[in-house]
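Just below is one structure, and these are the notes that go with it.
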Amino acid sequence: MTGSADEREAALALLGWYIEMGADEAIGLEAADRLAPPEAIPPPPSIPVPRAEQSSRPVPVDPPLALTDSLADAAQSARRLAAGADRIEALAALVAEFDGCPLKRTATNTVFTDGSAMAPVMIIGEAPGADEDRTGRPFVGRAGQLLDRMLAAIGLDRSSVLITNVVYWRPPGNRTPTAAEIASCLPFAFRLIALVRPKILVLSGGAAAGALLPQGQGITRLRGRWFDLAVPGLEERVPTLPMFHPSFLLRTPVRKREAWRDLLSLRARLDELLAGDSGH
Ligand code: URA
């Protein structure tokens with residue numbers, strides 16, 4: 001074998017190893033200096049489990065205590081910042097500038113919202129994936145395409161919903177965001193709900209349901225049940241429906257039957273609320 005054939009084979013083996021380790025894309029024009037001292041909060045150690053859209057998966061492990069402290073500070077600073085935003089554009093700018101969530105350090109783009117701020121339905125998912133990280137828009141990959149089909153089945157589209165996630169940066173390797181990472185971003189999600197004032201909130205998957213509902217149950221138990229969510233800044237509670245995440249439905253199509261039931265329930269409740277509005 002020639003030298004260059006050896007080199008090619010070695011390069012291919014290395015590439016294969018990278019892919020096996022979960023590096024599914026090359027991003028950024030400049031190489032990251034992983035050995036440089038961290039500027040702010042180092043990323044928390046994580047267990048590289050796939051997304052926890054279904055209830056049977058354990059909640060990811062939180063970082064050690066010192067890191068949890070700094071993430072708690074981050075959550076407090078997010079609360080303070082979010083409270084000062086009185087328009088969605090201002091909130092979006094604050095999120096883009098926020099450095100308190102360590103996921104930002106490895107992400108390409110901040111992914112905040114898509115859809116209409118006037119929409120009657122707001123959907124909160126888990127975290128951006130590779131396609132969302134690349135484009136800066138939530139739910140544009142395979143899960144997003146299924147979400148679009150699910151919405152279309154009950155006469156909705158991106159102009160009748162506002163879509164966001166519980167974290168705004170892609171977790172490395174698409175792992176589930178930790179509870180502390182979610183907590184550092186959650187004040188922005190609550191503020192967004194208060195500013196949008198949706199008629200209905202849909203929590204897509206276990207991460208969103210676990211973060212916003214106090215029940216402490218998995219999505220299999222929560223899905224399809226209506227909750228009245230108290231949101232700081234809103235006098236009235238928001239009717240809230242947890243549902244299976246589209247990524248989970250892609251992996252487990254047999255659960256689409258339950259998702260369909262939940263979509264019908266969503267449509268019926270929305271019609272009721274809209275009819276109530278026009279009757280006044
Ligand atoms: N999954 C999510 O939860 N959110 C996205 O934006 C994309 C995939």
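Just a few scattered comments:
- Probe 1.4 Å - accessible area at Thr220, Å² to nearest ten: 60 Å²
- Among 71-78, 226-233, 208-215, the order from most to least packed when residues are scored by Cβ within 10 Å on average: 208-215, 71-78, 226-233
- Fraction in percent of alpha-carbon pairs per bin - 5 Å, region 54-278: 1, 7, 15, 21, 22, 18, 11, 5, 1, 0, 0
- Gain in span if fully extended, Leu274 to Arg261, counting 0.36 nm per residue against the direct Cα distance: 2.7 nm
- Contact order, relative form, for region 54-278: 24 percent (alpha carbon pairs under 8 Å, 6 or more residues apart, mean separation divided by residue count).
- Selection from Ala268, Gly218, Ala208, by position along the positive dipole direction of region 145-280 (Cβ): Gly218
- Shown is the FRET efficiency for Ala90 and Glu236, computed with R0 = 30 Å from the Cβ-Cβ distance and rounded to the nearest 0.05: 0.80.
- Selection among Thr178, Leu195, Val238 by position relative to the dipole of region 54-278 gives Thr178 as farthest towards the positive end (Cβ unit charges, Cα centre).
- Cα→Cβ-extended label distance, 7 Å offset, between Val254 and Arg8, nm: 4.6 nm
The values are calculated or read from the model by the stated rules, or taken from the named source; none is laboratory data. Predicted, not measured: the structure shown is a model, and the values here were computed from it. For neighbour counting, all protein chains shown are included, and Cβ atoms are generated from backbone atoms with ideal geometry for every residue, glycine included. Note: areas computed on protein heavy atoms with side chains; ligands, DNA, RNA excluded. Shrake-Rupley method; radii C 1.70, N 1.55, O 1.52, S 1.80 Å.
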